Each structure stands twice: as C-alpha cells, then as structure tokens.
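*Asks:* Take a look at this one; I'll ask things after.
The values are calculated or read from the model by the stated rules, or taken from the named source; none is laboratory data. Nothing here was measured: the structure is a model prediction, and the numbers come from that model. Don't worry about glycine lacking a Cβ; one is built from the backbone with ideal geometry, like all the others, and counts go over all protein chains shown. Ligands, DNA and RNA are excluded from the accessible area calculation, which covers all protein heavy atoms including side chains. Shrake-Rupley method; radii C 1.70, N 1.55, O 1.52, S 1.80 Å.
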Amino acid sequence: MDSKEVSREDIKRFVGNGIGNYIRLNREAGDYSQQDICDGICSVSKFSRVELGERAVDYQTIEAFLSRMKMDRTSYEFVLDEEDAVGYKHRQRIETLITKRKYEQAEEELKAYVEKYGTKKLQGQFYLFQSARLEREKEKPDKSKMKELFIDALTVTAKDYQRKLEERKILSDLELECITEIMHCIKSSAEREDKQQKLYQYFQWSKEREKFLAFAFRAAMLYYAETLYENGKFDLCIQICDEVLEVYYGTSKLGDRGKVFFLRARARRARGRREDRKLYIRDFRIAHSVFSFYDGKGSIMKKQIEEEEGWPFTE
C-alpha cells in the first residue's frame, strides 16, 4: 500500500466493510485489476461483490486473492474470524512441519485437514500442493508422481499457466512454485532450459512491476542454473548464481545458499580459467562450511565435496 496514500475516508469505509475494503485498498494500491486477482479463482462479478461487502467468502479464498498481490500472510491474519483462523492455523502447522522435515507428522495433519475441510477447489489445491512438497522431500522421490501433483494443484487456479507466463499475467507464489517444480521435472535439458529461461524473463518483468522478486524466484533460478551447468553454459550459470545469492543474502536460508555456492564453484572450475581457481576454491570452502551445520541432504553434499571435489583444497 506504499504506492498510494490511504485517506481517512478510505479508513472509515474499511472499518465498515472489513475484508472487502481491505482487499480493494491493497488491490488499488498495487495497481491490480479485479481480473488480475480473481482469474481462475472466481468470476469478476463475485469478486466485485466481495469488495463491496455483499458476498462472504472463506479464508482460503481471501488468502488466494491476497497471495496474488504477493502479500505477506502476517499482514492479513487480523481480518480472519474465529472459525477461519482455526483453518488458517492448521494450514500453517502443516507447512511448518514440512519445513522442519517432520514429514510423518505433516502427513497426519494433512489427513486430518482433508477429513475436516474436504478437497474441493482451494482446499484441494492446498492438499495437492502439500502432498507434492512431501513427495519432493523423500530420499528417493517419485518425480512422475510429484510432477502430476504439482500440475493438479496448479490447474485448480491457473489451467492456462503457459499463456499467463507468455502474456505476463499475475500469478501467486504458490502458482509460481508449482510451475518451477513442473519445469524442473522435464527430462530433456534443452527443453527444460528453454522453459526456465521464459520463467526467468517472467520474474524480471514481475520484479519491474512489483519492485521485488517473488518468493519462488530463488528455487526457480537455482534449478535454472543447474540446467545451464548441465548444458555446459558456465558463464550464464555463474551469472544466475550471482543473482540468486544476492537475493539469499537477505534471508536466513543458509542451506540453500550453500547449494548455490557449490554450483557456482563447479561452474567456475568447469569454465577452466586460471583466474577462477582461487574463486572456485573459496566457493567450495564456503559450501562445505555451510553444509557442516546440516543433517540429511546437507551432510550428503558435504561428503560429496570431501570425496568427489578433492577436499581439503590447497592453493
């Protein structure tokens, strides 16, 4: 809401019409059209009635609207009523368990969520998306199954996502994360690179429009850099790694940052320039140091550096 100053009259109207005005004020502040926000979620006429306070919707629909505006969840918790807040907290609990790698508990909570709320429309999208995340985190994920789950989740609200990418339509972080994972599952590295390049261009457009990069950018561009490395495009791989690291410096995601250092080190070494030697040794050392703090996949990558990349490094 930085781009427009909210007047006292706006505040009065907001208080009288709760969530409707909250959505409208933020939509107008971000210069989004009604179609931008509700496309694939509901009709424009229904959305207009929500903004006017003439139509009530559940918290998941509210969340879907506001996520299209790239709004942080903490900024709209206060608009939820008691019943909606319970569901919202349940969803948060599932996401937190997956993030903390407590997968069995997450699966149980997800089953309980489905039993209570069902799998229609947005409830189903949440279930499919979290199921896909759980599959992705397995030691040996079924990529075919994972891809189908992400596709099914995405098409609940963005069946024509390819067109939306090409025509620069607004997509939520959940939708962008699904697209990122679907592209990552493409077997042909040439086709994968082409798709990821188009996604990169979409993120650049989105950044220019919204003045920040969407959350999904980090994972999407790490995948893109991996594909570029696979295809022998080391200069561009290093450039993308630099861009991703710049974003990661503003977060606490050390483990993911280590992956980028590791990939950049390999690309610098593969490029074969004498002046790169000190740089790639430094990157390998940073990656090794980061992975030393982590169990699971972090430990696996630490071992890979030690056994395959020639640790300890010498000048």
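*Asks:* Step by step: first the residues of segment 167-184, then only those that are under 24 Å from Ile98 (Cβ atoms) and aliphatic (A, V, I, L, M), then the one that is most open to solvent (accessible area, probe 1.4 Å). Which residue is that?
*Replies:* If we take residues in segment 167-184 being under 24 Å from Ile98 (Cβ atoms) and aliphatic (A, V, I, L, M), then Leu174 is most open to solvent (accessible area, probe 1.4 Å).
*Asks:* Tell me which residues, restricted to segment 65-89, are part of a loop (DSSP other than H, G, I, E, B), more than 20 Å from Thr155 (Cα to Cα) and either open to solvent by less than 70 Å² (accessible area, probe 1.4 Å) or at pLDDT 90 or above (or both).
*Replies:* Scanning segment 65-89 gives Met71, Tyr76, Leu80.
*Asks:* Something else about it: Kindly indicate which of Ile300, Ile305, Ile281 is open to solvent by 20 Å² or more (accessible area, probe 1.4 Å) and in a helix (DSSP H, G or I).
*Replies:* Ile300
*Asks:* Please work out which one of (1) farther than 23 Å from Ile186 by Cα; (2) under 20 Å from the mean Cα position of the chain (by Cα); (3) of a type in the set (Asp, Glu) is the condition Glu226 fails and give its number.
*Replies:* Of (1) farther than 23 Å from Ile186 by Cα; (2) under 20 Å from the mean Cα position of the chain (by Cα); (3) of a type in the set (Asp, Glu), only one is false for Glu226: (1).
Listed here are the residues, each with its yes/no results for (1) crowded, with 20+ Cβ neighbours inside 10 Å; (2) touching a helix residue (DSSP H, G or I) at 6+ places or on another chain (Cβ under 9 Å); (3) assigned to a helix (DSSP H, G or I).
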residue: Gln35; (1), (2), (3): no, yes, yes
residue: Glu54; (1), (2), (3): no, yes, no
residue: Glu63; (1), (2), (3): yes, yes, yes
residue: Arg91; (1), (2), (3): yes, yes, yes
residue: Leu97; (1), (2), (3): yes, yes, yes
residue: Ala112; (1), (2), (3): no, yes, yes
residue: Thr119; (1), (2), (3): no, yes, no
residue: Gly124; (1), (2), (3): no, yes, yes
residue: Leu128; (1), (2), (3): yes, yes, yes
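*Asks:* Sticking with this one: Select from segment 133-166 the residues that are modelled with pLDDT of 95 or more and part of a loop (DSSP other than H, G, I, E, B) and write down the one among them that is surrounded by the fewest Cβ atoms within 10 Å (Cβ to Cβ).
*Replies:* Ranking the qualifying residues of segment 133-166, first place goes to Thr155.
*Asks:* Could you please give the count of residues in segment 284-297 that are at pLDDT below 85 and either open to solvent by 60 Å² or more (accessible area, probe 1.4 Å) or more than 28 Å from the chain's Cα centre (by Cα) (or both)?
*Replies:* The number of residues fulfilling the criteria is 4.
*Asks:* Sticking with this one: With the structure loaded, tell me whether Ala220 is open to solvent by less than 50 Å² (accessible area, probe 1.4 Å), at pLDDT 95 or above and within 20 Å of Thr99 (Cα to Cα) or whether it fails that test.
*Replies:* Answer is yes for this residue.
*Asks:* Sticking with this structure for a sec: Just give me the residues in segment 122-169 being acidic (Asp, Glu) and closer than 20 Å to Glu109 by Cα, in sequence order.
*Replies:* Glu135, Glu137 - these are the residues of segment 122-169 that are acidic (Asp, Glu) and closer than 20 Å to Glu109 by Cα.
*Asks:* Restricted to segment 185-217, and to residues that are open to solvent by less than 50 Å² (accessible area, probe 1.4 Å), small (Gly, Ala, Ser) and not in a helix (DSSP H, G or I), which residue is modelled with the lowest pLDDT?
*Replies:* Ala214
*Asks:* Here is a further query. Which one is surrounded by the most Cβ atoms within 10 Å (Cβ to Cβ) among residues in segment 223-274 that are polar (S, T, N, Q) and assigned to a helix (DSSP H, G or I)?
*Replies:* Restricting to residues being polar (S, T, N, Q) and assigned to a helix (DSSP H, G or I), the top hit is Thr227.
*Asks:* Looking at Arg285, Arg269 in this structure, which one is of a type in the set (Lys, Arg) and closer than 19 Å to Gly232 by Cα?
*Replies:* Arg269
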